[in-house]
Amino acid sequence: MRPHLQLFIFIAILTFAQCKKDNVVTKNDLDETLTQLIKDASPNGSLSFFVLPSSSDYASIPQDPSNPLNDAKVQLGRFLFHETHLAEGAKYVSGFHTYSCATCHHPEAGFQAGIRQAISDGGIGFGYKGEGRIPNPDYPLDSMDVQPIRTPSNLNSAFQEVTLWNGQFGGTGMNLGTEASWTAKTPKETNLLGYEGLETQAIAGLNVHRMVVSRSWIESMSIYKELFDAAFPDQLENSRYHRITAGLAIAAYERTLLADQAPFQKWLQGDVSALSTEEKEGATLFFGKANCVTCHTGPALNSMAFYALGIDDLEGSGVYGNFEEDKTNFGRGGFTGKEEDMFKFKVPQLYNLADVNFFGHGGTFKSLEEIIEYKNVAQPTNQNVPASQLAKEFQPLGLTPKEVQALASFIRNGLFDSNLKRYVPQTLPSGYCFPNNDLQSKADMGCN
């Protein structure tokens, strides 16, 4: 080989090796600090405590022993969760077949509603930001199915034992001993079935939100019949095609809604380039100075604890319905009836909040920065909440404006899984548009 050619090859190899070396991202002091903070906050001293399982790894996903996951059940639940045909109990004809579970829980809003007050039956349109979904003019306002509190997320809900802001759904675990509150002829009576929160909520929700599971309709559609048969082979036929099994399938699907592709999840598993410097700084605040991890912990960054933070309720302009007699604003106490539980609300999960415009159980905060600053200052705004009920953890954090921004950046970007569409079916067996099927929604979504 000619000497000059050998020299050229040597220089090329050296240059390639140097480029490859330069592109390797290694842990820096910030990564080391964050690693240690997370280990210190973990009961097992490992980063793994905060890792979400893969949505297909059923063995690692928390589940109700009475409702084990299987492929057919999850696929059935995926369809039913989005199935607008189920809306057969609508109050008025124009509402028939126009909404689904996904109306108020869709990926564009991190499986929340995306608006301050969710509207299912009695709403039209799919604009999920601002005042996008509006009342159907055919409906008197007192006939709309609206929520008295901001709709919580279904994302990472496998890490909940009981559900809703007050934890009222779930007939096991921490709700044992609350049987006196499982009022007959109300949705809470569903707790008597003995399922965990997600299953109980899904079963009750079909009735609450005026959806009908019809055996004749299921048997008329081969895909649904086959999936019910495969998902519940041990159920007798007279109970297999039923609201309860439909709810169990929906809950099984909801348990697989995991934000396991978020940058923070990638960082936890070794990709130190997954988070920006600002996001890492925010994460060190989350697990360090701000001590958010005291309440927001585990893989979903949530908990089964209830706290009173003096946040305002869902009320005021643009809120439909009269909730003065509703006990929702009392939080956990409205369910248990215990004085010590009054005004306490469950700690929510924190993933995929980038597309959410309303925060707090009343939807009174318009940005992550606003709610972080509220907790930073620790001055309650809800005059109905006695000072004696406020959580002892509700104390000023001492964060600077730059630190508030960094913490918001970590939550907004580091906890954002950009591929939640993977959980949505391409089409439904019914052929209907989804998550909504009214004329305005079809126009909004370009669905024909």
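Points to keep in mind about this one:
- E219 falls short on exactly one of the conditions (1) in contact with a helix residue (DSSP H, G or I) (Cβ under 6 Å, 6 or more places away or on another chain); (2) touching a residue at least 60 places away in the same chain (Cβ under 8 Å); (3) among the acidic types (D, E), and that condition is (2).
- Residue, surrounded by the fewest Cβ atoms within 10 Å (Cβ to Cβ), within region 304-335, restricted to residues that are at positive phi and in contact (Cβ under 8 Å) with a residue 12 or more places away in the chain: G318
- Test: Y351 is touching a Leu at 6+ places or on another chain (Cβ under 7 Å), surrounded by fewer than 19 Cβ atoms within 10 Å (Cβ to Cβ) and not hydrophobic (A, V, I, L, M, F, W, C): no
- Candidates T163, T172, T186 - the one that is in contact with a Gly (Cβ under 9 Å, 6 or more places away or on another chain) and farther than 15 Å from A305 by Cα: T172
- Region 127-155, residues that are surrounded by 24 or more Cβ atoms within 10 Å (Cβ to Cβ) and either over 17 Å from Q201 (Cβ atoms) or hydrophobic (A, V, I, L, M, F, W, C) (or both): R133, L155
- Among residues of region 395-428, those that are within 28 Å of S100 (Cβ to Cβ) and either surrounded by fewer than 19 Cβ atoms within 10 Å (Cβ to Cβ) or polar (S, T, N, Q) (or both), counted: 8
- Selection status of S409, of a type in the set (S, T, Y), in a loop (DSSP other than H, G, I, E, B), closer than 28 Å to A262 by Cβ and out of contact with any strand residue (DSSP E or B) (no Cβ under 7 Å at 6 or more places or on another chain): no
Every residue, every condition in (1) over 19 Å from I134 (Cβ atoms); (2) surrounded by fewer than 24 Cβ atoms within 10 Å (Cβ to Cβ); (3) of a type in the set (F, W, Y); (4) modelled with pLDDT under 95, yes or no:
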position	(1), (2), (3), (4)
L52	yes, no, no, no
A59	yes, yes, no, no
S66	yes, yes, no, no
D71	yes, yes, no, no
L76	yes, no, no, no
L86	yes, no, no, no
Y92	no, yes, yes, no
S100	no, no, no, no
T103	no, no, no, no
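- Scan of region 96-138 for residues that are within 19 Å of S418 (Cα to Cα) and outside any loop (DSSP other than H, G, I, E, B), ordered by number: A102, H106, P107, E108, A109, Q112
- Taken as a whole, the condition of being assigned to a helix (DSSP H, G or I) and of a type outside the set (A, V, I, L, M) applies to K442.
- For region 244-262, the count of residues that are surrounded by fewer than 20 Cβ atoms within 10 Å (Cβ to Cβ), under 24 Å from the mean Cα position of the chain (by Cα) and farther than 30 Å from K27 by Cβ is nonzero.
Table: residues versus (1) in contact with a helix residue (DSSP H, G or I) (Cβ under 8 Å, 6 or more places away or on another chain); (2) closer than 21 Å to Y351 by Cβ.
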position	(1), (2)
S388	no, no
T400	no, no
Q405	yes, yes
G414	yes, yes
S418	no, yes
P435	yes, yes
S441	no, no
N448	yes, no
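- Qualifying residue in region 386-397 (condition: in contact (Cβ under 8 Å) with a residue 12 or more places away in the chain and among the hydroxyl-bearing types (S, T, Y)): no
- Pairs, first free of Cβ contacts under 8 Å to residues at least 12 places away in the same chain in region 76-92, second of a type outside the set (V, I, T) and crowded, with 24+ Cβ neighbours inside 10 Å, C-beta under 9 Å, six or more apart: none
The values are calculated or read from the model by the stated rules, or taken from the named source; none is laboratory data. This one's a predicted model, so the numbers in the text were calculated from it and none came from an experiment. Glycine gets a Cβ as well: all are built from the backbone with ideal geometry, and neighbour counts include every protein chain shown.
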